[in-house]
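What follows is a set of notes on a single structure, which appears directly below.
The values are calculated or read from the model by the stated rules, or taken from the named source; none is laboratory data. Given the structure is predicted, the values throughout are model-derived calculations rather than measurements. All Cβ positions, even for glycine, are placed from backbone atoms using ideal geometry, and neighbour counts span all protein chains on display.
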Amino acid sequence: MKTYRPTSKSRRNMTGINYGNYITVSEPHKALTSGFKRAVGRNSQGKITTRHKGAGHKRLFRDVDFMYNKKEVPAKITTVEYDPNRTGFIALVVYADGEKRYMLLPKSVKVGDTVIVSAKADMKPGNRTQLKQIPVGTFVYNVELKVNGGAKIARSAGNFVEVIAQDAGYTQIKMPSTEIRRVPDNAWASIGEVSNDENRLVNLGKAGRSRWLGIRPTVRGTAMNPVDHPYGGGEGRQGRGTRRAKSIYGKPTGKGQKSRRAKKYSNVFIVTRRKVGKSRDQK
């Protein structure tokens with residue numbers, strides 16, 4: 001981790017990633033970049049659907065390949081790069097036929113290594129194969145939920161899921177949330193863990209650094225008026241006044257509160273629900 005001289009109160013505890021130890025180039029491959037407009041938490045009508053998002057530094061979009069539809073062709077990693085749109089590092093890979101693509105870089109893989117997408121791929125970090133070929137206990141990332149649907153699970157820095165069982169055409173995987181779910185065993189996954197696992201240790205240190213990242217302030221419900229939040233109002237500092245914790249919309253929230261829809265489509269694939277609250281802390 002990178003630390004700073006305590007030239008101010010906020011600087012004293014600020015930490016960051018020492019990118020010089022990982023990144024090999026400072027500019028992205030131009031052919032795989034484009035400009036784009038960030039949603040900043042609003043839908044097509046301009047209404048806020050996700051709070052606390054907005055502004056932040058302008059970003060260039062990197063076209064990262066999550067479909068991995070180029071199979072049986074080895075690819076060599078040529079660069080390791082920073083991507084402002086995700087927490088993990090990305091790598092520029094050159095396939096044997098000359099095509100270049102960006103992929104999410106796994107931990108311990110470096111420039112010069114070769115990766116491949118194949119049903120018969122070796123169990124080596126960066127290689128991609130079908131879940132039914134992967135031994136129990138292996139860590140994987142970039143996991144598909146549907147066959148050839150593209151990587152959806154375990155894509156952020158330091159993340160991985162664990163293969164824990166193979167049963168009746170399905171693979172059971174343990175998610176980062178501790179949930180255990182079934183995925184078709186002919187879906188694809190990459191071997192290893194996502195790079196930049198130190199990202200979770202970063203201390204932003206000051207409010208301004210959050211604003212650069214596009215994170216807007218979060219106001220406590222008790223500091224609001226009654227019209228704005230269920231906890232609002234009262235003379236001086238008041239308790240929330242309700243038995244269960246609620247969001248600004250009156251929905252249950254907080255530790256131990258179940259907020260998942262009772263008829264969610266994926267319920268049939270859930271083997272064990274995720275642990276929440278104290279039970280998860282004490283696992």
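Only residues that are crowded, with 18+ Cβ neighbours inside 10 Å and β-branched (Val, Ile, Thr): list them for the range 181-222, please.
Val183, Ile191, Val194
Only residues in the range 11-25 that are closer than 17 Å to Arg86 by Cβ count as the first member; pair them with residues that are among the hydrophobic types (A, V, I, L, M, F, W, C), Cβ under 7 angstrom, at least 6 apart or cross-chain, and list the lot.
Sorted first by the residue in the range 11-25, then by its partner, the pairs are Gly16/Val202; Ile17/Val202; Tyr22/Val80; Tyr22/Phe89; Ile23/Val80.
Taking the range 186-222 on its own, how many of its residues are closer than 28 Å to Thr3 by Cβ, of a type in the set (A, V, I, L, M, F, W, C) and assigned to a loop (DSSP other than H, G, I, E, B)?
Number satisfying all stated conditions: 3.
Would you say Val93 is of a type in the set (A, V, I, L, M) and at positive phi?
Against the criterion (of a type in the set (A, V, I, L, M) and at positive phi), Val93 does not qualify.
Looking at (1) more than 30 Å from Lys255 (Cβ to Cβ); (2) touching a strand residue (DSSP E or B) at 6+ places or on another chain (Cβ under 9 Å), which is the one condition that is false for Ser108?
(2)
Looking at the range 26-44 only, could you name the residues that are loosely packed, with under 14 Cβ neighbours inside 10 Å and either of a type in the set (Ser, Thr, Tyr) or in contact (Cβ under 8 Å) with a residue 24 or more places away in the chain (or both)?
Passing the criteria: Ser26, Ala31, Ser34, Gly35, Phe36, Val40, Ser44.
Within the range 230-248, is there a residue that is touching a strand residue (DSSP E or B) at 6+ places or on another chain (Cβ under 7 Å), modelled with pLDDT of 90 or more and assigned to a helix (DSSP H, G or I)?
Checked against the condition, which is being touching a strand residue (DSSP E or B) at 6+ places or on another chain (Cβ under 7 Å), modelled with pLDDT of 90 or more and assigned to a helix (DSSP H, G or I), the range 230-248 yields no hits at all.
Could you grab me the full set of residues in the range 126-147 that are in a loop (DSSP other than H, G, I, E, B) and either of a type in the set (Lys, Arg) or under 22 Å from Arg86 (Cα atoms) (or both)?
Gly126, Asn127, Asn142, Leu145, Lys146
Condition first: in contact (Cβ under 8 Å) with a residue 60 or more places away in the chain and closer than 23 Å to Glu144 by Cα. Can you find one or more residues in the range 70-80 that meet it?
No; the residues of the range 70-80 include none that is in contact (Cβ under 8 Å) with a residue 60 or more places away in the chain and closer than 23 Å to Glu144 by Cα.
Report yes if Asn225 is touching a strand residue (DSSP E or B) at 6+ places or on another chain (Cβ under 7 Å) and part of a loop (DSSP other than H, G, I, E, B), otherwise no.
No.
Could you grab the pairs with beta carbons closer than 8 Å, sequence gap of 6+ or different chains, first residue in the range 260-283 and more than 26 Å from Asp185 (Cα to Cα) and at pLDDT below 90, second one of a type in the set (Lys, Arg) and surrounded by 11 or more Cβ atoms within 10 Å (Cβ to Cβ)?
Val276/Lys255; Gly277/Lys255; Lys278/Lys255; Arg280/Arg274; Lys283/Lys275
I'd like the residue in the range 1-10 that is among the hydroxyl-bearing types (Ser, Thr, Tyr) and not in a loop (DSSP other than H, G, I, E, B) and, out of all such residues, is nearest to Tyr82 (Cα to Cα).
Thr3
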